[in-house]
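The values are calculated or read from the model by the stated rules, or taken from the named source; none is laboratory data. For clarity, every value in this text was computed on a predicted model and none was experimentally measured. Glycine gets a Cβ as well: all are built from the backbone with ideal geometry, and neighbour counts include every protein chain shown.
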Amino acid sequence: MINVGIVFTEKLKKKLSTGVVMASDRSAHYMLTKNIRIPTFRILKEEEPAVVLTGYGESAILSDYELKIAEFFLQNNIVDCRSFKNKFPLLYRQLAEMSQFYIHLQGKGNAGVIADFLLGISDEKGLGLLYYFMITSQGFSLEELTNVPGFGVTFGGSNEVLMLLEELLKDPYIGEREAIEYAVFILQAVKDITPNMSSQLDVVVLKKGKVGIIPDEELDKMGLKAHVYARWRAIYTMLFDILKEPSIAGNVIEGIKSIGGEQK
Amino acid sequence: MTLIIGMKTTDGVLISADKALSTTARISTARSKLRNYLDSHVIMGFSGSVSDIQGVENGLEEIFSAYFRQNKFNLDAFGKMLFSAEFKEFSKKYNAFVNFSGLIVAGEKGNSKIYKIFPLYRNGVYTWGTIEIVPREKDYDCIGSGDIAGATLLLENFYSQNRIPTKEEAVRLCALINYLVSLFTTGVSSSFEVVALTEKNVLTLPADETQKVSFEVRKIWNFTKTLGYQTFKNLDFSKWLITYIFNGGHKKPIKRMKSKGNTIVILDDMYKKQGKIYSKLLKLIPDAKVFENPSEAVSYIKEHTADIKGILVDRVVKSKQATLKFLEDVRELVPRIPIVVMGQKFAEDELNEFSERGVSRFILKSELAQDEEKILKTLQLTEDKEKMKWHVIKEF
């Protein structure tokens, strides 16, 4: 299964407000490992929400991490992003200790990812944070993705999709609609080249201290999935057509000029 | 890491290998990564660490030649050989110290197969993964090797649309995958080498040719990427793109987009005196209209704007000023039509003067009488497609 997290930015009366979009497909078959669990959005807190989107890993390990983070929120009275950031070193230390235990348990010789997940937080003041957590047999990392180009992907621990995204998203600021579309697009595009991914997708939007879930059925009703997929197919078809006959590119440019569409 | 791609095409099978190893090891080119055996019926691509590859290569060569020493090569026997006891012995011999995987491409009489040698790992002190060379005799259409799963899947998806590519298209696809993988993976180079096995011969694309392809493909990728980016920014644009692509708007032949006409307008006041040149030229260009007077030519162009494909003008028609004025008039009437100026010789200042008035090409009159191909190319009468220059290694 593939998870995507994207930070979006919106302008509200001269003020920038950020939020987080997290999306995941519903398959549990991507990795052939025992005890793998269906990816879930675990909403740790409803108000001033914190959401964990678990990726790859054994259910016991993932639950352990979730509980630890939920406990951290409760004990340290985290009410907004700022207080989370202030207490972040404490969380980092706690998770590092836990990770040492699991790395020891798995044995350093076993290559590969032990667990990974995305953590999204949002508060009423219009701030959003996105973290990517990954633990491998070599070590663990907890990375804030907010200030980088604004997205994160868990892909069984590989960074190829992340690089692809960097290649695609040159603009660091994207709006909410675009972010949702990108998330759906990435999942659909990756599904085309990845076996055993589900076509059912769930999206969670964290914005101004509230959390909203757009389940697959809703995405279907909105027509968003179909529209995004049609676009992906159009670009994909065109890419292969141009590879077949490079002069077609000239025709497409002429076509763009004829509708007055701008081309960068 | 090395990226090896094997693909079936409409006229055979091809295999490509990236050239990353050449910079790091004693192997000077990627050529040794693509080796051919058995009278060029079998080509192999390897990925793995260098010293191991050398050993495996030599070992495989021994086995192949021993097996086919008496008999002539045929594809079925080759498939069986990969499951034979000798081959299994070979994999046992190497599994203790080899970090290696590869592709075998084999073909005879238009029939061809791609085999994958499953990886034989030895990472650090841990031996893990499959510890046997397992040639799987599945009939692959395409496969990428070098443990880059995404490349294989991208290719498989391409073939799932029932598009068996031509050689040229396959090379472009290889170039695209090589480029994309080189972006995301350290140790894979975007430059690559291709060997194709067809019914009649073994062909190769040398490095300077694949470099051209690579450059072209990068432009295509950037173009498509920009379009993709636009569709997310602009909903109207995305709707237009979908209808345009799926209604086949892009499939109109490029000729019709550029110009509908076929007529070449020739302007030369010495036309009748230079019969030798023009008799030959007019045979080459059946749709030519020859004028001696600039004003006549201009009025013809005005009336037949849509029919005109190109204009060929003498350097001096009556006077040089008259020529320049003619060019200015024509540029206004037909801004996109190519104009070629012919003359006995050109001074540098002259070239600039003409270029400023939209002249794209120049041709010497002496060449007009001799080089037919050049004339047609200069006047854009032939399709100016850059074709890949394949080199023949061996003919069957």
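Brief remarks follow.
- Cβ-Cβ under 8 Å pairs, at least 6 apart or on other chains, region B:292-319 side more than 27 Å from B:LYS345 (Cβ to Cβ), far side aromatic (Phe, Trp, Tyr): B:TYR300/B:PHE291
- Consider region B:219-235 and keep the residues that are more than 17 Å from A:PHE185 (Cα to Cα) and exposed (fewer than 15 other Cβ atoms within 10 Å of the Cβ). The one that is farthest from the other protein chains (Cβ to nearest Cβ) is B:ASN222.
- Selection count, region A:130-145, where residues are over 14 Å from the mean Cα position of the chain (by Cα) and either in a strand (DSSP E or B) or of a type in the set (Ser, Thr, Tyr) (or both): 7
- Residue match in region A:244-256 (condition: more than 7 Å from chain B (Cβ to nearest Cβ) and in a helix (DSSP H, G or I)): yes
- Qualifying helices (runs of 4 or more DSSP H) (wholly inside region B:274-346; at least 2 residues being at pLDDT 85 or above and touching a Pro at 6+ places or on another chain (Cβ under 9 Å)): B:320-333
- Within region B:236-262, if we keep just the residues that are closer than 25 Å to B:ILE285 by Cβ and either crowded, with 20+ Cβ neighbours inside 10 Å or facing chain A (nearest Cβ under 7 Å) (or both), the residue that is modelled with the lowest pLDDT turns out to be B:MET257.
- Of all residues in region A:190-224, those that are assigned to a helix (DSSP H, G or I), within 14 Å of chain B (Cβ to nearest Cβ) and crowded, with 20+ Cβ neighbours inside 10 Å total 1.
- Counted as qualifying within region B:70-175 are the helices (runs of 4 or more DSSP H) with 1 or more residues that are polar (S, T, N, Q) and at pLDDT below 70, namely B:85-94, B:149-160.
- Of all residues in region B:185-195, at least one satisfies being surrounded by fewer than 21 Cβ atoms within 10 Å (Cβ to Cβ), under 18 Å from B:LYS19 (Cβ atoms) and of a type outside the set (Ser, Thr, Tyr).
- Annotation: of all residues in region B:347-369 being in a loop (DSSP other than H, G, I, E, B) and among the hydrophobic types (A, V, I, L, M, F, W, C), the one that is surrounded by the fewest Cβ atoms within 10 Å (Cβ to Cβ) is B:ALA347.
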